[in-house]
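Asker: Starting off with a structure, shown below.
The values are calculated or read from the model by the stated rules, or taken from the named source; none is laboratory data. Remember, it's a predicted structure, so these values are computed and weren't measured experimentally. Glycine also receives a Cβ, built like all others from the backbone with ideal geometry; neighbour counts cover every protein chain displayed.
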Amino acid sequence: MLFVMGAAVLTASAQHSVTNHKFFDNWSIGLVGGGVNPTKGNFFDDTRAVGGLEVTKQITPVFGLAFQGVSGFNTTGANTVVDNVNASVLGNINFSNWFAGYKGKPRLFEVEGVVGVGFNHYFGDNDRFTAVDPALCSGNTFTGKLGLNLNFNLGKKKAWTVGLKPAIVYDLEGARGDANTHAQFNINHSVIELMAGVTYHFKTSNGQHYFTKIKEYDQAEVDGLNAQINALRGDLNNKNGQLDAAGKKIRDLQAQVNELRNRKPVVQTVESNVKSLESIVTFRQGKTVIDASQLPNVERIATYLKNHADAKVVIKGYASPEGPLDLNNRLAKQRAEAVKSMLVKKYGIAADRIDASGQGIGDMFSEPDWNRVSIATIEQ
């Protein structure tokens, strides 16, 4: 028991790195069964069946406290089905977690040491189980247990454990007829117990079936995090100031918008030159004389100029690409002048209202012959 208490003290430091320390966390229940045989007996002839139930409270990943009750069958000469019962309080020490550290989740295979004491009651009054002095008749006695749990933690959630449980169990009172009897670990008053068990681990308050490991912080880390928090709070205060300034600017802009909405509209008149009419006069190849078929296009310009005294016309003459360049330039200029001359002489349009010029070879149209034209454009 001193060893168990010492283990509990040694493993108390492990509690700082895991959660689930509430009273109803980390409980489990299991069924156990197997056989017992006198330590110095014939293994096959003297083996008797035992089975029972155990409830365990895991205090840390290393240390647990178990309450085990088992019953023996045919361990005395009595005619009862159950010949003895043993209720024990056991300390479980997880050597895997103690020496290799707890990784935040149970390993697939773990080894536990078991030590504890129990209260045993025998039924019957003769031929006591050969592991015990025949002088001991029916009655009560204290027991001590030393053993191992070889555990296999199964499943993704580690909710189930299957284990082998070898142990040696001592009858601590020895020969009761001896006046000098005292508590003793006597091999002649002991049995080898070999049981197997299946255990279910109840779900904890955080939804797991085992201790959850948490990250530990040293004081330097805590101070550093506090400094970061204070810096973030300062940034937040600055952002609040910026938001206030932005809110004021929004309110000022809204006031300006409202002022503009209430302001009477100002009407401004913008005058610009607009091309209101365009007319095209075509010519035959190498010719500068206006055909009769093109006279309506010239008269169209003349009529507009007569009806709009402020209007002027720009006439641009063009030539098709065939022939010498000098000839084409002359033809382009003469074609523009031909339209101007008709407007002045036939329709009486003032010459200062007409701007005529040659533009050389034209490329306005995809067909070369179509570029033998004069284009008259009205400017209002």
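Asker: Would region 61-73 turn up any residue that is part of a loop (DSSP other than H, G, I, E, B), touching a helix residue (DSSP H, G or I) at 6+ places or on another chain (Cβ under 6 Å), surrounded by 18 or more Cβ atoms within 10 Å (Cβ to Cβ) and in contact (Cβ under 8 Å) with a residue 40 or more places away in the chain? Show your work before the answer.
Answerer: So the first thing to find is which residues in region 61-73 are part of a loop (DSSP other than H, G, I, E, B), and the list is 61-62.
Those left that are additionally touching a helix residue (DSSP H, G or I) at 6+ places or on another chain (Cβ under 6 Å): 61-62.
Narrowing the set further to residues that are surrounded by 18 or more Cβ atoms within 10 Å (Cβ to Cβ) leaves 61-62.
Among the residues that remain, those that are also in contact (Cβ under 8 Å) with a residue 40 or more places away in the chain are: 61-62.
There is at least one residue in region 61-73 that is part of a loop (DSSP other than H, G, I, E, B), touching a helix residue (DSSP H, G or I) at 6+ places or on another chain (Cβ under 6 Å), surrounded by 18 or more Cβ atoms within 10 Å (Cβ to Cβ) and in contact (Cβ under 8 Å) with a residue 40 or more places away in the chain.
Asker: Residue 162 - would you say it is at pLDDT below 95 and of a type in the set (A, V, I, L, M)?
Answerer: The answer is no for residue 162.
Asker: Among residues belonging to region 166-190 that are more than 22 Å from residue 42 (Cβ to Cβ) and either among the charged types (D, E, K, R) or modelled with pLDDT of 95 or more (or both), point out the one that is surrounded by the fewest Cβ atoms within 10 Å (Cβ to Cβ).
Answerer: Per the criteria, the residue is 178.
Asker: Then there is this: Would you confirm, using the coordinates I've provided, whether residue 104 is surrounded by 13 or more Cβ atoms within 10 Å (Cβ to Cβ), at pLDDT 85 or above, assigned by TED's automatic domain parsing to the domain that holds residue 71 and over 25 Å from residue 54 (Cβ atoms)? Quick ask: steps written out before the conclusion?
Answerer: Numbers: surrounded by 13 or more Cβ atoms within 10 Å (Cβ to Cβ): yes; at pLDDT 85 or above: yes; assigned by TED's automatic domain parsing to the domain that holds residue 71: yes; over 25 Å from residue 54 (Cβ atoms): yes.
The answer is yes for residue 104.
Asker: On to the next question. Can you pull out the residues in region 318-347 that are assigned to a loop (DSSP other than H, G, I, E, B) and either in contact (Cβ under 8 Å) with a residue 12 or more places away in the chain or among the basic types (Lys, Arg) (or both)?
Answerer: Across region 318-347, the qualifying residues are 320, 321, 322, 323, 346, 347.
Asker: Sort through 279, 357, 366 and tell me the only one that's buried (at least 18 other Cβ atoms within 10 Å of the Cβ) and outside any helix (DSSP H, G or I).
Answerer: Being buried (at least 18 other Cβ atoms within 10 Å of the Cβ) and outside any helix (DSSP H, G or I) holds for just one of 279, 357, 366, which is 279.
Asker: Moving on. In region 37-50, how many are surrounded by fewer than 18 Cβ atoms within 10 Å (Cβ to Cβ) and not in a loop (DSSP other than H, G, I, E, B)?
Answerer: Count: 1.
Asker: Name the residues in region 310-332 that are charged (D, E, K, R) and surrounded by fewer than 19 Cβ atoms within 10 Å (Cβ to Cβ), would you? First the steps, then the outcome.
Answerer: First pass over region 310-332, keeping only residues charged (D, E, K, R): 310, 312, 316, 322, 326, 330.
The answer is 310, 312, 322, 326, 330.
So that you can scan it fast, the table gives a plain yes or no per residue for (1) surrounded by 12 or more Cβ atoms within 10 Å (Cβ to Cβ); (2) touching a Pro at 6+ places or on another chain (Cβ under 8 Å); (3) closer than 21 Å to residue 62 by Cα; (4) modelled with pLDDT of 90 or more:
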| residue | (1), (2), (3), (4) |
| --- | --- |
| 192 | yes, yes, no, yes |
| 207 | no, no, yes, no |
| 211 | yes, yes, yes, no |
| 223 | no, no, no, no |
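Asker: Okay, moving on. Kindly list, by first and then second residue, each pair from a residue in region 142-164 that is without any contact (Cβ under 8 Å) to a residue 60 or more places away in the chain to a residue that is in a loop (DSSP other than H, G, I, E, B) and of a type in the set (S, T, N, Q), limited to pairs with Cβ atoms under 9 Å and residues at least 6 apart or on different chains.
Answerer: The qualifying pairs are 157/208; 158/208.
Asker: Right, another one. Given the residues 332, 376, 350, 309, which is the only one that is at pLDDT 90 or above and hydrophobic (A, V, I, L, M, F, W, C)?
Answerer: 350
Asker: How many of the residues in region 27-56 are of a type in the set (D, E, K, R) and touching a Gly at 6+ places or on another chain (Cβ under 8 Å)? Reasoning before the result, please.
Answerer: Just the residues of region 27-56 that are of a type in the set (D, E, K, R), to begin with: 40, 45-46, 48, 54.
From what is left, the residues that are touching a Gly at 6+ places or on another chain (Cβ under 8 Å) are 48, 54.
Number satisfying all stated conditions: 2.
Asker: Would you please list the contacts, defined by Cβ atoms under 6 Å and residues six or more apart or on different chains, that run from a residue in region 298-317 that is not assigned by TED's automatic domain parsing to the domain that holds residue 279 to a residue that is part of a helix (DSSP H, G or I) and buried (at least 21 other Cβ atoms within 10 Å of the Cβ)?
Answerer: none
Asker: Hey, could you check region 201-239 for residues that are out of contact with any Ser or Thr (no Cβ under 9 Å at 6 or more places or on another chain) and among the aliphatic types (A, V, I, L, M) and say which is nearest to residue 28 (Cα to Cα)?
Answerer: In this case the residue turns out to be 222.
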